[in-house]
Each structure stands twice: as C-alpha cells, then as structure tokens.
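The values are calculated or read from the model by the stated rules, or taken from the named source; none is laboratory data. Predicted model only: the values in this text are computed from it and were never measured. Here the Cβ is made from the backbone with ideal geometry for all residues, glycine too, and neighbour counts use every protein chain on show. Only protein heavy atoms, including side chains, enter the accessible area calculation; ligands, DNA and RNA are left aside. Shrake-Rupley method; radii C 1.70, N 1.55, O 1.52, S 1.80 Å.
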Amino acid sequence: MLSIYKNLKECLHDAFQKALSEQEISHVASKSLFDPQLVNASRPEFGDFQANGALPLAKEFKLPPRQIAELVVEQLIQNQIFSELCEKPEIAGAGFINLRLKKKSLTKEIKVRLKDKRLGIPKAKSISVVIDFSSPNIAKEMHVGHLRSTIIGDSLARILEFRGHKVIRLNHVGDWGTQFGMLISYLKLVAPEALTKANAINIGDLVAFYKEAKQRFDLDDDFQKQSRKEVVKLQNGDKDSLKAWELLCNQSRQEFQKIYNLLDIKIIERGESFYNPYLKEIIKDLQNAGLLEIDEGAKCVFLSGVTGKDGKALPVIVQKGDGGFNYSTTDLAAIKYRFSPTPSGDGANRVIYVTDAGQANHFKGIFQIATRAKWIPKTARVEHVPFGVVQGEDGKKLKTRSGETVRLSDLLDSSIQRAEDDLRQRLIDEKREESESFIKEVSTTVGLAAVKYADLSQNRISNYQFSYKKMLALQGNTAPYLLYALVRIAGIARKGGDLNESRHELEFNEPQELKLIRELLKFDEIINEVEEELLPNRLCGYLFELSQIFNRFYDQVPILKAKNPYRSSRLSLCKLTADTLKLGLHLLGIPTLARM
RNA sequence: GCGCCUGUAGCUCAGCGGAUUAGAGCAUCUGACUACGGAUCAGAGGGUCGGGAGUUCGAAUCUCUCCAGGCGCGCCA
C-alpha cells in the first residue's frame, strides 16, 4: 500500500496547506508544522490510515484541534484523487482524521498485485551492501554461537538482494592469529601427518587437539615459546607452515560447507588472513591522520568520548608491543577495504556486521576510528546488527547436559529428528501412509524451518530462549503454523481450485475477505521497514498475522463451494496469500511444502 | 567502578522517531468436526508497561534518576 500511502500523504499535505493558509498566521512558515502525520490506523475500527497532524497545530493557531481537522477535511473532500481513494474522512477523538479506503481502491490494488511477480515490492535504487555474518573459526566446529549470525545475516542478505541491491555476503572466518601457532606445534607432537596430508584426521579430533593445545599453551612455557615461533614462521610465509595452515583451513571449510548446504546459505569466504597485506598500511594511515599514539609500548588509537577504568580515554591497540597485529587491526583493514572503491576494495555504500551484542563496544570503537581516518564515505552507512545470546530453557547460556558448547550440526540434526518423530506419530494418529522420502523431506524442511523461524521471529537484540518444543509446535507463531497455511492452500488447488482463474471480475463482500486484502497489501511496507531497520522479526510477525487472518477466512468463508464471481475472487486471494507467504518465507531462508 | 543491552499478562515475546480503549502466542477455561486437511476456528479470564520524577494537550514510547538481570571493559578473537 506504499503507493496509496504516498498519494494520500500528498493529498493531506495539500489539504493542510490550503486549510491553514486561510488562517492569518504569517509567522508560521515552518513546513514541518504541516506534517500531516499520516500513519496506519491504530485500530481497524478507525479505518486504514489516520492523520494526527491537526493536534500539534492547535496551539500555534489557537484553534481547537477538532476544528483544524474539520478545515482539513473540507479541503480533502474537494480533492478528486482523494475522493476516489477514500470514503469520507471521519474526525475522532481529540482531532484525529480517520481515513478508510474505498473497496474499489482495495480491489484495484489486489488486481495489480496479482499480476506482479514482485508482489508490489518495488526495486530500490541499487547500492552495494556488504554483509558480514556467520564467521566461524578455522579448526573449530560451528556451534550455537554461530547460529544467530548465520540465520539473521542470510535473511538480511536475501531481503536486500530482493530489493535489488548488490549484496556481498562475507564470511569473515577466523583463519589467522596465535591459535595457529598453538595448533601447529601441538599437531607436530601428536599427529604430524595432519600437517602434510589432507584430511588425515577428522574434524572432531582436530577440535579436541585444539583444546588440548590451548591447555598446554596456558601451562607449559616451552610449548608457548614454540607456538610463538610457529606463528612467526607462518606470518613470515614459511612454506611448510603455510601448507599446514592451508590443510587445516580446507578441512574446516568442508565442515562449514556441509552446514551451509543444509541451511541453504550462500556466503563468500574472506577470512582475516585476506587483510594481512593491508595491515601495515593501516598503521601508516592512522599515523598520517595523527591518530596514532604509543602507550606502554603498543601503538594505540585513543577513542574520544569513551573512557576506561581509570577515567582516561580508552585505547584501541592496533599494533602490539611485539610488533604483531591483532583483531582490531584486521577489522580496521576490513572496514577500509569494504568502503574503498573497486577494484582495490568493495565499493560498499552500506556495511552491515551481524555479530553478538557483546561486541557492540568493539565495533563502536572501530567505526569511530574509521570515521576519524576518513575511510567511510559521507553518504555511506555502517551498522552493527547485534543479537543476544542463545539461552536454554533454564535462562542460562545454552550448553549440552555435560556442560559443553552445543555443536551446530547436532542442534540441527536434533530438530530434524524431533520433527520426524512428530510426523511419524501424526501419521499413525491420522492413519496416513507416506513414503520414506516424503517423511525425510518434510521433517528436514520442518526441522530446519523451525530453528530458523524461532530465531528470526524474536527481536534479535534480546537474548533468545531456545526450545525445540516451542519452535516445533503446530500452533502459535511458529514455522509449522505458517507452513500449514500454505499446505491448506495447496489442498484447495488439489481439490480442483484453479488459483490462476481470472475470467471473472474480482468481487469481495465478506469482512474476512477485506481483512485479508488489507493485510496482503501491507507486505510492501513491511519489507521496506526491514530493509531500513534490519529487524527480520517484523517480517515474521507479519507473516504470522497474515496466516492467522487467512485461516479465519478459510474457516469462515466457503471458497470452492461459492459461486462465481466469488469463487474465483476468493481463489485469487488464496493465490496471493500463498505467493506472499512463499516469498516472505523465502526471504527468511525457509523453503515451503505442498503437503506435510 | 565505567560502558552497552534488557526489564510489558502466569510463561515466551510484539509494540518503543508520542496520539483515540496497551497487543499476540503458549498455558488455563468454554464452545464449534456429515466441511476446502480441526495441524483449525469462535469466545473468556489475566496488565498500576521494573519504581519514581520531568517534558507535552497526550508517554510503554522522549529526558533524568533509582532498582534488578545479562554482557563487555589495554597488547585473545
């Protein structure tokens, strides 16, 4: 309904201008005073939109707000464009102007949308967007900690892509740094073959070795020295070290890819090591910009407006006392590269980081330094998209029973398994028989959809309570509920309803139909909002609401048994609902089913 | 100690660039299956929006303050 909104806003703006220009207030020239404050109606009884603009003008014009509203309405009803779109406006409460769209304009919009493959969502003026998400660490397995970043990042990427932007999905994997020194020196002792031969040991062992190496590193001085030597060797480009590093990365990569394939996530790996050649230049840049200071032997940039424990400005270390670089340096190199024009950069207009909320301060610092170093173009945006931790049902950080971090692949398998158990039970209860391949497909789709949807449907800022039982529930704001609405529509088609039938004119009368129509037409606003605010839970909320309204319509209004033109009109609503749900779920990274 | 985030129905959460009577879902209770898949729908109860103050004609929403919880706070990432 964005186009209608835009038209109405113009009408209202005009009406306010005209209504108030008749008043003898010359000193009120500020245009902002004439903001009609057109918003969606806060309740369905109030119609489709409400203009609140009369209220704040009351004081300025020394008139009761209702009287101002009346003056505006007088102007409005003389406007032909307005009268075609809306019923006669009503003034309510303190001076709200309530607007109700004519059925004709709603029907017209539906007709347009039925023919539009993009379901009313316009293509935006394309910009380059970098989305940094997922970002697991080499030589470690993906765990719950990567779940939210991966799912939220992917969904945001899908939405921005659909809006027509050029999206670069970057996997900023932890593939560099001191941990490799540790790991390589440990492997030399316990499994040297892993350093020379591909896939000599499995990923689980690698993870175990990593943990052991870390322990030894913390306890054993000699081992620590050895590890530091290995890091230096690696960073100096020693051939054997590099080869070992390559092997380890490749092995992890294969493991990550299995998960990305399962979740249908596309992402380009560009790990921390990519930025190695740029690190020295970063220090030089900061030096030239006069931002660099040496403190306790380390090269730092002191943040302005952020103080540490001692009340002094907080430093960000960009080069350690031993000359090594750390993650801040890498992140600075990354941000510079992303905003730098192609081909020596990504030429991004918007850079989005999807990481846990705990890193908020870190990114604030990075963004500040990048801004002061003038690496971010004035017209560009840089955003940290934070999210809370995944908690168990006890409200504490999610752990396995033995207190270990939950592996992502276990978590996903577990959800799929539960979906399968549910399905098999239901088949027994309903005396249905289905093939094994059907059962596999449905439980995989439902199991993964449940995990993704549960995560996305929550406001990402707050912590999120993980519960298989809730996410797989067939009722409530869950993936299975949404998928079921689609299955019902598919059922109508199977029973002989031609969803593409358009021989007849669209004709709607039932309140349930109009409610559904109004909801369907909101899709474009929601997508716009998510593009702007990067909150996928808004889209989830919308899809859930749409499913509920559809289910009421389906329950209360006969479709196949109705006579034309109602039958085909209702089938059209089914089609548009199905298309909207499918597209919406697709933008969340969730595939749909015809039967379940 | 400082900083960031969170606090809305029994539970899980929407709403938060102010606006007409604060919304869902789950759970609880009551109804509806000769129906297009009841995996649904109709309805009921349940709230001083953490406390207090302020700005405003109007605050869950903005400001300040206090309380509670989570996370972070210099050479790990």
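Of note:
- For A:Tyr464: the one exception among (1) over 30 Å from A:Arg148 (Cα atoms); (2) modelled with pLDDT under 90; (3) surrounded by 18 or more Cβ atoms within 10 Å (Cβ to Cβ); (4) within 11 Å of RNA strand B (Cβ to nearest atom): (1)
- Restricting attention to the range A:225-250, the residues that are within 15 Å of A:Phe325 (Cα to Cα) and among the acidic types (Asp, Glu) total 0.
- Residue in the range A:385-407 that is nearest to A:Gln458 (Cα to Cα), counting only those that are of a type in the set (Asp, Glu) and free of Cβ contacts under 8 Å to residues at least 40 places away in the same chain: A:Asp394
- The residue pairs whose first member lies in the range A:123-149 and is without any contact (Cβ under 8 Å) to a residue 12 or more places away in the chain, whose second member is open to solvent by 10 Å² or more (accessible area, probe 1.4 Å) and assigned to a helix (DSSP H, G or I), and whose beta carbons are closer than 6 Å, counting only pairs six or more residues apart or on different chains, do not exist in this structure.
- Residues of the range A:343-353 classified as touching a Leu at 6+ places or on another chain (Cβ under 9 Å) and modelled with pLDDT under 95, total: 0
- When A:Ala69, A:Ala92, A:Ala54 are checked against the criterion of being open to solvent by less than 60 Å² (accessible area, probe 1.4 Å), within 17 Å of A:Ala19 (Cα to Cα), within 39 Å of the chain's Cα centre (by Cα) and among the hydrophobic types (A, V, I, L, M, F, W, C), A:Ala54 stands alone in meeting it.
- Just so you know, in the range A:340-349 the residues that are open to solvent by 10 Å² or more (accessible area, probe 1.4 Å) and in contact with a strand residue (DSSP E or B) (Cβ under 6 Å, 6 or more places away or on another chain) include one that is nearest to A:Glu383 (Cα to Cα), and it is A:Asn349.
- Residue within the range A:297-319 that is open to solvent by 10 Å² or more (accessible area, probe 1.4 Å), more than 9 Å from RNA strand B (Cβ to nearest atom), among the hydroxyl-bearing types (Ser, Thr, Tyr) and assigned to a helix (DSSP H, G or I) present: no
- Qualifying positions in the range A:545-571 - of a type in the set (Ser, Thr, Tyr) and open to solvent by 10 Å² or more (accessible area, probe 1.4 Å): A:Tyr554, A:Tyr566
- Positions within the range A:32-51 being open to solvent by 70 Å² or more (accessible area, probe 1.4 Å), under 30 Å from A:Leu514 (Cα atoms) and small (Gly, Ala, Ser), in sequence order: A:Ser42
- All told, A:Asn361 falls short of being within 27 Å of A:Ile152 (Cβ to Cβ), in contact with a Lys or Arg (Cβ under 8 Å, 6 or more places away or on another chain) and open to solvent by 10 Å² or more (accessible area, probe 1.4 Å).
- Qualifying position, being within 29 Å of A:Ile559 (Cα to Cα) and either touching a Pro at 6+ places or on another chain (Cβ under 7 Å) or within 12 Å of RNA strand B (Cβ to nearest atom) (or both), among A:Leu521, A:Leu474, A:Leu456: A:Leu474
- Scope the range A:223-232; condition touching a helix residue (DSSP H, G or I) at 6+ places or on another chain (Cβ under 7 Å) and either open to solvent by less than 70 Å² (accessible area, probe 1.4 Å) or without any contact (Cβ under 8 Å) to a residue 24 or more places away in the chain (or both); matching residues: A:Phe223, A:Gln224, A:Ser227, A:Glu230, A:Val231
This table checks each residue for (1) assigned to a helix (DSSP H, G or I); (2) farther than 30 Å from A:Lys123 by Cα; (3) among the aliphatic types (A, V, I, L, M).
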{"site": "A:Ile527", "(1), (2), (3)": "yes, no, yes"}
{"site": "A:Val530", "(1), (2), (3)": "yes, no, yes"}
{"site": "A:Tyr554", "(1), (2), (3)": "yes, yes, no"}
{"site": "A:Pro558", "(1), (2), (3)": "no, yes, no"}
{"site": "A:Leu583", "(1), (2), (3)": "yes, no, yes"}
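- Here is the figure for the range A:145-194: residues that are away from RNA strand B (no atom under 13 Å from the Cβ), closer than 25 Å to A:Ile265 by Cβ and open to solvent by 10 Å² or more (accessible area, probe 1.4 Å) total 10.
- Filter result for A:Gln368 (in a helix (DSSP H, G or I), under 30 Å from A:Gly347 (Cα atoms) and within 29 Å of the chain's Cα centre (by Cα)): yes
- Looking across the range A:377-395, the residues that are within 11 Å of RNA strand B (Cβ to nearest atom) and of a type in the set (A, V, I, L, M, F, W, C) come down to A:Phe387, A:Val389, A:Val390.
- Residue satisfying condition, being away from RNA strand B (no atom under 13 Å from the Cβ) and of a type in the set (Ser, Thr, Tyr), within set A:Ser568, A:Ser547, A:Ser572: A:Ser572
- Selection status of A:Leu101, at pLDDT 90 or above and open to solvent by 10 Å² or more (accessible area, probe 1.4 Å): no
- Just one residue in the set A:Phe325, A:Phe256 is touching a residue at least 12 places away in the same chain (Cβ under 8 Å), more than 30 Å from A:Gly589 (Cβ to Cβ), of a type in the set (Phe, Trp, Tyr) and buried (at least 18 other Cβ atoms within 10 Å of the Cβ); that residue is A:Phe325.
- When A:Lys336, A:Lys374 are checked against the criterion of being under 22 Å from A:Trp176 (Cα atoms), in contact (Cβ under 8 Å) with a residue 12 or more places away in the chain, away from RNA strand B (no atom under 15 Å from the Cβ) and open to solvent by 30 Å² or more (accessible area, probe 1.4 Å), a single residue qualifies: A:Lys336.
- Hey, A:Leu12 under 18 Å from A:Leu71 (Cβ atoms) and at pLDDT 80 or above or not: yes
- The range A:377-389 - residue that is open to solvent by less than 60 Å² (accessible area, probe 1.4 Å) and part of a strand (DSSP E or B) and, of those, farthest from A:Asp285 (Cα to Cα): A:Phe387
- Yes/no for A:Val354 being among the β-branched types (Val, Ile, Thr), outside any helix (DSSP H, G or I), in contact with a Ser or Thr (Cβ under 6 Å, 6 or more places away or on another chain) and more than 10 Å from RNA strand B (Cβ to nearest atom): yes
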